[in-house]
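Everything on this sheet refers to the single structure shown next.
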């Protein structure tokens, strides 16, 4: 969705962080945010563009720069997805509703968004259902201890929801139900494990799936 929140992330690598900006700033100041590209740590480096996100409010993500490799990153809150103007929890609920058999008009009414917006979410996800299922199945296996693969549901949409659910169980079983974001939800795992790119073009790439 061109012009949506955090379009700066098209030019800067993206890192998903907690929603509490005070905690983000505190971790940055303490050198607590690691660079994903090298052993360095990130330091404050300005801000991404300000955008309104339905269900979240006004969002202006922090940008940070690695003190070692000098790469700049956008720190995207786990409550939103890249270049989407609605809260991630709303979008995730819409995808779950589609797996339950609901159409885009019903989903749009429940979510409080235009039908064209809901249809866009579903179309984007429908184009990558198998690769997304594989990605989250791998996340579940890597995070879990003796984590069994989720049972097939007979529906590609249902299989994706089951894979994300398995990843959620694996992550919370290993690290606990709480974290920097508070109580960890299935939606948080979906956002964080995709790096905020759940509905972004080109995700998941082969590297994301291996």
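Which of the strands (runs of 3 or more DSSP E) found entirely inside region 26-68 contain at least 2 residues meeting this: free of Cβ contacts under 8 Å to residues at least 12 places away in the same chain?
Here the list reads 57-59.
Does any residue of region 11-32 turn out to be farther than 12 Å from residue 77 by Cα, crowded, with 19+ Cβ neighbours inside 10 Å and in contact with a helix residue (DSSP H, G or I) (Cβ under 6 Å, 6 or more places away or on another chain)?
No, the conditions are met nowhere in region 11-32.
So if I check each of 75, 81, which one is in contact (Cβ under 8 Å) with a residue 60 or more places away in the chain, buried (at least 21 other Cβ atoms within 10 Å of the Cβ) and either in a strand (DSSP E or B) or out of contact with any helix residue (DSSP H, G or I) (no Cβ under 6 Å at 6 or more places or on another chain) (or both)?
After ruling out the rest, the residue left standing is 75.
What is the number of the single condition among (1) over 15 Å from the mean Cα position of the chain (by Cα); (2) at pLDDT below 95 that residue 83 does not meet?
(1)
The values are calculated or read from the model by the stated rules, or taken from the named source; none is laboratory data. Everything quoted here is computed from the prediction, not taken from an experiment. Quick reminder, even Gly has a Cβ in these numbers, built from the backbone with ideal geometry, and neighbours come from all protein chains shown.
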